[in-house]
Amino acid sequence: MSENPKYKVVCDEELNCNILKEEESLKEEIKKEKELSKSELRKSIINFTWPCMAELMLISLIAIVNQAMVGHLGAYALAAVGLTNQPLFVGIAVFQSFNIGATALVARFIGSKEFENAKSVVIQTLMISIISGVVLSALGFIFADKIVLGMGAKEDTYIYARMYMRYMSIGFIFQAIPTAITSILRGAGDTKSPMRFNIVANIVNILAGFLLIYGFFFIPALGVQGAAIGTTLAKVTSCILSIHALMTCKLPIAISIRDKFKFDGGMLKRIMNIGFAAAGEQLAMRVGFIIYTKIIADLGTVPFAAHQLVISITSLSFNFGQALGMASTSFMGRNLGMKRPDRAAQYCNELRKLAMGVSIIISLCFFFFGRQIASLFTGDQEVIAITAYLLKLVILMTPAQNSQMVTSGGLRGAGDTRWPLLATISGVLFIRVPLVIILIKGFGFGVGAAWVAGIFDQYARFAVVYARFLSGKWKKIKV
């Protein structure tokens, strides 16, 4: 029987009409979902970020109290502790880079419900952390004297800086494991467990630090050494509690002693594909900051002590941006795993707006109450005056810094780690470091010039990552 052409046309028209109706219906559903998600968007952001913010704020407050306790020993103590910070950050950057890959992959696998792959990422990340922690502990302890001398330690700070560096090196192994576990849990959407064990660990830090720095009854006053011991004890506490949290959590990534801990070449490669660029970013930033810090240290003990105080004080603002950046990474990865790049972009945009608002509020506090805040840390009037002046410069930096952290966090969650790397190289190595050399070494300006260089650095970094975000190319990255 031959096919009736008129009948075929009518069928085709009906089929096309049905297809169009289905497409319109799907669009309406997506539209409604977007509208509904808009009202729930901020709620989910708050639920995720408040434990991060609470944890980081308390950690910052405890670090500030520690800094205040050390600061009252004298400018030499502040400088000695400050000299070890950047070398330690270089070490941390090694295993932190793998953690970025782990966070992105865990978030993506949880979003797509590939739980076996998510657990494999956890096991590989823990093994990498243990090995890198042991190696870095050994290197830091053996070469402690060369490291602090290379950082520009003066005669009045060398002995204390070397001793502090050795204690911090011992703590590397105990720091690597909880840092990895924290990244894993946040990638899976759990921010409350890291909040709990990090808060407990930091309370141990402040209590042990106070007793050992100043002494109590039969406990001798150990000064800077007491601060180092207290910090190391806190890292041991964090390590024990984080392992317990990962073993007892109700997420599909929970581990047990029955799990097989062996290397998986395929999964390691996937972690490293993301982590390699992240490692380059961290190392570029830390190398740049070592040069930056060394130039500031050469200005003398008092300017450098003020510089360290400003870093501690502004960590409150920095940690807000860091918490929102963590949220951006996790939301981005999980929503891309669910094939919702539109939702991922929404989260990143809302987080960036929140970062800007918080930055403005904190910056105003620094501007109007800088001198009062500085006086909480030290009685040295010269250090207080320089610190208050530097805090006024910080208000120009904070909005760009926090917005950059949120946007970079989103790109990392998408597995697009090359652009944060490019941003860091551009800002730190091509702007901050050359500017601080020109302004301080060339023109003889003081420590304020270092923070002016930092302002230009942060705006350059934000411009690079924001341009990449607007391009939308991160939506097509495969992990």
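On a 22 Å Cα-Cα criterion, which of the cross-link pairs Lys119/Lys235; Lys192/Lys260; Lys262/Lys475; Lys154/Lys441; Lys119/Lys192; Lys260/Lys476 come out too long?
Checking Cα-Cα distances, Lys119/Lys235; Lys192/Lys260; Lys262/Lys475; Lys260/Lys476 exceed 22 Å.
May I ask for the distance between the Cα centers of the stretch 182-232 and the stretch 276-344, given as a whole number of Å?
21 Å
Highest mean first, what order results for 201-207, 420-426 on Cβ atoms within 10 Å?
420-426, 201-207
Cα-based Rg of the chain per 2.2 N^0.38 Å, rounded to two decimals?
1.09
Calculate the dipole size of the chain relative to its Cα centre from +1 charges on Lys and Arg beta carbons and -1 charges on Asp and Glu beta carbons; express the result in debye to the nearest 20.
Value, rounded to 20: 520 debye.
Given DSSP loops and a limit of at most 12 other Cβ atoms within 10 Å, what is the longest stretch of the chain that contains no such GluC sites (Glu not before Pro)?
156-479
Looking at Gln124, Ile240, Tyr158, which one has the Cα that reaches farthest to the positive end of the dipole of the chain (charges on Cβ: Lys, Arg +1; Asp, Glu -1)?
Among Gln124, Ile240, Tyr158, the one farthest towards the positive end of the dipole of the chain is Gln124.
Taking the number of other C-beta atoms within 10 Å as the exposure measure, put Thr301, Thr293 in order starting with the fewest.
Thr301, Thr293
Tell me which of Ala180, Ile255, Ile431 sits at the most positive position along the dipole axis of the chain, charges placed on C-beta atoms (Lys, Arg +1; Asp, Glu -1).
Working it through, the farthest residue towards the positive pole turns out to be Ile255.
Using only the alpha-carbon atoms, how far is helix 75-111 inclined from the longest principal axis of the chain? Give it as 0 to 90 degrees, nearest 10.
Between the helix axis and the principal axis of the chain, the angle is about 10 degrees.
Among Leu376, Trp50, Leu391, whose Cα sits farthest toward the positive end of the charge dipole of the chain (+1 at Cβ of Lys/Arg, -1 at Cβ of Asp/Glu, about the Cα centre)?
The one lying farthest along the dipole's positive direction is Trp50.
Fewest first, what order do Met195, Met247 take by the number of other Cβ atoms within 10 Å?
Working: Met195 21, Met247 13.
Result, fewest neighbours first: Met247, Met195.
Calculate I(q)/I(0) for the stretch 413-479 by the Debye formula, one identical point scatterer on each C-alpha and no solvent, and give its log10 at q = 0.19 Å⁻¹ to two decimals.
-0.70
To the nearest 10 degrees, how steep is helix 381-413 against the longest Cα principal axis of the chain, on a 0 to 90 scale?
20 degrees
Neighbour counts of other C-beta atoms within 10 Å: give me Cys52, Cys249, Cys239 arranged from fewest to most. List each step's numbers first, then the result.
On the way: Cys52 25, Cys249 18, Cys239 22.
Sorted ascending by nearby Cβ count, the order is Cys249, Cys239, Cys52.
Rounded, prolate or oblate: which fits the stretch 153-224, taking a ≥ b ≥ c as square roots of the Cα gyration tensor eigenvalues, rounded meaning a/c under 1.5, else prolate when a/b beats b/c?
Details: a/c = 3.65, a/b = 1.70, b/c = 2.15.
Since a/c reaches 1.5 but b/c is at least a/b, the shape of the stretch 153-224 is classed as oblate.
Quick one: helix 341-375 against the long Cα principal axis of the chain, what's the angle to the nearest 10°, folded into 0 to 90?
Tilt of helix 341-375: around 20 degrees.
Assigning unit charges at the beta carbon (Lys, Arg +1; Asp, Glu -1) and nothing else, what dipole magnitude in debye, to the nearest 20, does the stretch 323-416 show about its Cα centre?
440 debye
Classify the stretch 198-338 as rounded, prolate or oblate from the Cα gyration tensor: take a ≥ b ≥ c as the square roots of its eigenvalues, call it rounded if a/c is under 1.5, otherwise prolate when a/b beats b/c and oblate if not.
Oblate is the answer for the stretch 198-338, as a/c is 1.5 or above yet b/c matches or exceeds a/b.
Under the classification rounded if a/c is under 1.5, otherwise prolate if a/b is larger than b/c and oblate if not, where does the stretch 248-294 fall, given a ≥ b ≥ c as square roots of the Cα gyration tensor eigenvalues?
The shape class here is prolate.
Would you work out the charge dipole size for the stretch 384-467 about its Cα centre, treating the Cβ of every Lys and Arg as +1 and the Cβ of every Asp and Glu as -1, and quote it to the nearest 20 debye?
Value, rounded to 20: 80 debye.
Length gain on complete extension for the stretch Asp342 to Phe115, per 0.36 nm per residue less the alpha carbon to alpha carbon distance?
Net length gain for the segment: 79.4 nm.
Values in this text are rule-based calculations from the coordinates and carry no lab data. These figures come from a predicted structure and were not determined experimentally. Cβ coordinates were reconstructed from backbone atoms using ideal geometry, including for glycine residues, and neighbour counts include every protein chain displayed.
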